[in-house]
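Notes follow once the structure below has been shown.
The values are calculated or read from the model by the stated rules, or taken from the named source; none is laboratory data. Since the structure is predicted, the reported quantities are computational estimates derived from the model, not experimental observations. For neighbour counting, all protein chains shown are included, and Cβ atoms are generated from backbone atoms with ideal geometry for every residue, glycine included. For accessibility, only protein heavy atoms count, side chains too; no ligands or nucleic acids. Shrake-Rupley method; radii C 1.70, N 1.55, O 1.52, S 1.80 Å.
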Amino acid sequence: MNAAEKEQLFTIRWYVREKWGEESSKAEVLDLLGGLLEPGATPQDRPSVSKGGQKLLWCPFAERNFKKSRTAGSYAKGYPLGAIVHFTAGRRSGLEAGMNEQVENGYTYFVIDKDGNIGQNFSLDSWGSHAGQSTWPGLGDRVSDDLVGIEIQCAGMLEKSGSVYKTWYGETVPASDVRTVAAQTANQEAGAYQKYTAAQEDALIRLLPWLRENNPDVFSYDYVLGHDEVSPRRKNDPGGSLSMTMPALRKKLKGA
Ligand SMILES: [Zn+2]
């Protein structure tokens, strides 16, 4: 038995011991067992955990073999009403590092790495902190308990240093990866940003429609918001890292 298989067995034991009887943990245990019994099969090929009209709580195209995040409670409707788009503004890259950072800091969110891989380490009926002080009409304060977080690995806002742009930790960003916003445009604060990669934007525009199609009665594109929309002035993500404003993203999603 290799280390990953052992880790899966420990996770199964944890679910059986701590969460026995909960519908979502039953689905998770079945899925982990599927991974051990048919290791070659992708999650999509395995028997679906959504039998009986149940909504999937794990995105079938997300990687999930990570330490689980510490969630804080269940969504009122058992599923997020929408999502918040973030950038990590961090220097860690890759799903493993991104997930570890999240667990260390006690947050809960999807991670999208530079190559467009998506990581999930929490069940979609459970919320955890990711947006901090925030507010939005219809959602009240602290939107983390209504909306799922999507963190995209990106340095975020850049500082001009002579003729080049640098990350806050001093790394020079190639000009082709920089997007400047001349003046505040919708949610986008004026300034220079490291762009999300094309693979990251593709992954985002794959994940969001899946989240909606999986539970269209609860998840709404009207609640796909930028952190800079729900925490204006305090936060500037996604700002100009995303190739369009958040209202434009919502419009695109609705048209897709
Ligand atoms: Zn954020």
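Taking the Cα atoms only, what angle lies between the long axis of helix 3-18 and the longest principal axis of the chain, rounded to 10 degrees? Relative to the chain, helix 3-18 is tipped by roughly 70 degrees. To the nearest Å, what is the center-to-center distance of the range 89-107 and the range 133-156, using C-alpha atoms only? Spelled out, the Cα-based centre of one part sits 17 Å from the other.
Overall, the accessible surface of the range 61-256 at a probe of 1.4 angstrom is composed of carbon and sulfur to the extent of 47 percent. Neighbours of Ala97 by Cβ distance under 10 Å: Lys/Arg scored +1, Asp/Glu scored -1, total -1.
How much net charge surrounds Ile118 when only the other residues with a Cβ under 14 Å from the Cβ of Ile118 are counted, with Lys and Arg +1 and Asp and Glu -1? Residues near Ile118 contribute -4 overall. Using the charge dipole of the range 161-232 (Lys, Arg: +1 at Cβ; Asp, Glu: -1 at Cβ; taken about the Cα centre), state which of Tyr223, Ser163, Ala183 has its Cα farthest towards the positive end. The residue sitting most towards the positive pole is Ser163. The value given for the chain is a Kirkwood hydrodynamic radius of 19.0 Å, derived from the mean inverse Cα-Cα separation. Using the Cβ atoms and a cut-off under 14 Å, what net charge is assigned to the surroundings of Ala4, where Lys and Arg are +1 and Asp and Glu are -1? For residues surrounding Ala4, the net value is -1.
Simple point charges give the picture: +1 on the Cβ of Lys and Arg, -1 on the Cβ of Asp and Glu, and for the range 144-242 a dipole about the Cα centre of about 440 debye. Modelled spin labels at Lys254 and Val164, positioned 7 Å past Cα toward Cβ, are 4.3 nm from each other. Surface analysis of the chain yields an accessible area of 49 Å² per residue, using protein heavy atoms and a 1.4 Å probe. In straight-distance terms, cross-link reach from Lys19 covers every one of the lysines whose alpha-carbon lies under 24 Å from its own, apart from those fewer than eight places away in the same chain; here that gives Lys6, Lys51, Lys55, Lys67, Lys68, Lys77. Using a simple spin-label model with pseudo-atoms 7 Å out from Cα toward Cβ, Ala3 and Asn100 lie 1.0 nm apart. When the Gaussian network model of the chain links Cα atoms closer than 10 Å, the mean-square fluctuations of Gly140, Gly35, Gly82 top out at Gly140.
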